[in-house]
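Novice: Before we start, here is the structure in question, set down as structure tokens.
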Amino acid sequence: MCTFLFELLLFIFGCCVLLFFLLPSILGFHSPIDLDLDLVDVSSLSPEMQTPWSSSSPPTWRPVSLLSKAIPVSQFVQHYLKTGSPGLDEFLQGGLPCFGVTEICGKSGTGKTQLCLQFSLMVQLPLSAGGLNSGAIFISTEQVFPSNRLAELIPHFLGDDVLNPTSTPEDPMERIYVERIGDVAALITCLEVFVPAMLRGNQIRLVIIDSLAALFRADYEMSDMRRRTADLRTISIILHDLARMADPSISILVVNQMSASFSAGVNIPSLGYAWTNCLTTRLEMSRRGDSRFIGLKHAPHLPMEMLPIELVTQGIRASGGPLPPAVN
């Protein structure tokens with residue numbers, strides 16, 4: 001009986017193996033070896049593409065379908081908002097980008113808000129003077145708007161020697177629209193409703209949020225991390241949509257704070273990687289004793305360097321040449 005069962009199983013196994021090899025032919029399939037592959041007629045290609053290449057001269061891939069529908073480079077001309085300091089403009093290779101989302105992070109007292117005030121005045125200058133000939137919206141989340149300091153800066157940035165009276169007929173302070181925001185929901189509403197309306201009216205070309213971290217530190221508990229990440233992503237999408245769709249282009253500047261990293265033993269920008277991955281450019285302002293610096297921490301178009309700066313009555317100015325990035 002055992003012998004019969006063994007022979008039966010052996011027969012069934014043999015049939016399965018036979019079907020495995022014969023079934024593709026029966027159904028009309030062929031193995032890759034038997035396929036007659038169509039060869040490309042190289043005579044129809046350009047001479048450059050007919051030429052074989054070696055490791056010393058690798059090919060340059062040119063997808064014809066993409067090149068035939070390419071957008072003219074002239075449509076990607078990037079604009080920058082000058083800082084008011086030639087040395088700082090040179091360091092940033094133009095100034096504050098009018099594309100994407102730029103962040104300024106740093107500890108308290110390093111000059112983040114001062115630089116924001118500076119940009120809110122520079123944006124009012126005509127294009128020929130490095131401005132955008134428009135106003136700014138300053139979304140304040142954590143302190144009283146420093147109007148006294150702004151008034152001190154006006155003569156240095158919008159004085160008679162640089163201001164074109166025909167381009168900025170209003171009081172400079174009236175072209176800075178200050179919005180006090182106390183929670184994340186109000187910020188999202190402001191970005192979705194108020195800011196687009198002002199852009200459509202050509203009232204502003206600079207959006208400043210000072211600061212984003214203050215709202216997220218106050219509105220969320222440890223158990224709300226999923227909702228916190230979702231809200232950060234929502235704000236990021238809105239800001240990038242504003243930057244991409246605005247015509248003419250605008251600058252978006254977000255201030256961030258610093259948090260202690262117990263694992264790394266250093267201070268790092270707040271809001272975590274969920275926010276960091278949404279940024280186009282990150283600048284970090286810092287202090288070491290009496291010395292101040294601004295450093296490039298993330299920028300696709302700039303090298304990672306530091307620049308000595310000074311905070312004086314006339315605003316923030318470069319006080320030296322670029323330095324290698326600091327090692328924490």
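Where a number appears in this text, it was derived from the coordinates with a stated rule and is not lab data. The shown structure was predicted, so the numbers you read here are calculated from the model rather than taken from an experiment. All Cβ positions, glycine included, derive from the backbone under ideal geometry; neighbour counts span all protein chains shown.
Novice: Amide H to amide H under 5 Å from ASN267: which residues, 5+ apart in sequence or cross-chain, H placed 1.01 Å off N in plane?
Specialist: Correct list: SER261.
Novice: Can I ask one more? Starting from the amide H of LEU81, placed 1.01 Å from N in the peptide plane, find each other amide H under 5 Å away whose residue is 5 or more places distant or on another chain.
Specialist: Excluding prolines and chain starts, which carry no amide H, the hits are LEU96, CYS98.
Novice: How would you rank LEU158, LEU125, LEU81, going from fewest to most other Cβ atoms within 10 Å of each one's own Cβ?
Specialist: LEU158, LEU125, LEU81
Novice: For ILE181, ILE12, ILE188, what's the fewest-to-most ordering of other Cβ within 10 Å of each Cβ?
Specialist: Numbers: ILE181 20, ILE12 10, ILE188 15.
Ascending Cβ contact count within 10 Å gives the list ILE12, ILE188, ILE181.
Novice: Please list, in order along the range 238-244, the HN-Hα scalar couplings obtained from phi with the Karplus expression 6.51 cos²θ - 1.76 cosθ + 1.60 (θ = phi - 60°), rounded to whole Hz, x for Gly and Pro.
Specialist: These are the phi-based 3J(HN,Hα) values: 4, 5, 5, 5, 4, 5, 7 Hz.
Novice: From the phi of every residue in the range 213-230, what ³J(HN,Hα) in whole Hz does the Karplus formula 6.51 cos²θ - 1.76 cosθ + 1.60 yield, where θ is phi - 60° and glycine or proline is x?
Specialist: 5, 4, 5, 6, 6, 9, 8, 10, 9, 4, 7, 9, 4, 5, 5, 4, 5, 5
Novice: Next up: Stick to Cα atoms and the Kirkwood definition of Rh, then tell me Rg/Rh for the range 78-146.
Specialist: Working: Rg = 12.3 Å, Rh = 12.9 Å.
Ratio of gyration radius to Kirkwood radius: 0.96.
Novice: Return the long-range amide H neighbours of SER134 (sequence gap of 5 or more, or a different chain), with a cut-off of under 5 Å between placed amide H atoms.
Specialist: Excluding prolines and chain starts, which carry no amide H, the hits are GLN124, LEU125.
Novice: Karplus couplings for the range 131-147 from phi (6.51 cos²θ - 1.76 cosθ + 1.60, θ = phi - 60°), rounded to Hz, Gly and Pro as x?
Specialist: Once θ is set to phi - 60°, the couplings for the range 131-147 become x, 10, 6, 7, x, 9, 10, 10, 8, 9, 10, 9, 7, 5, 4, x, 5 Hz.
Novice: Moving to a separate point now. Please arrange TYR80, TYR273, TYR220 by how many other C-beta atoms lie within 10 Å of their C-beta, fewest to most.
Specialist: TYR273, TYR220, TYR80
Novice: Just need the relative contact order of the range 76-318 here, percent rounded to a whole number, with Cα pairs under 8 Å and 6+ apart. It would help to have the intermediate numbers written out before the result.
Specialist: Working: 440 pairs, mean separation 69.1, N = 243.
Rounded, it is 28 percent for the range 76-318.
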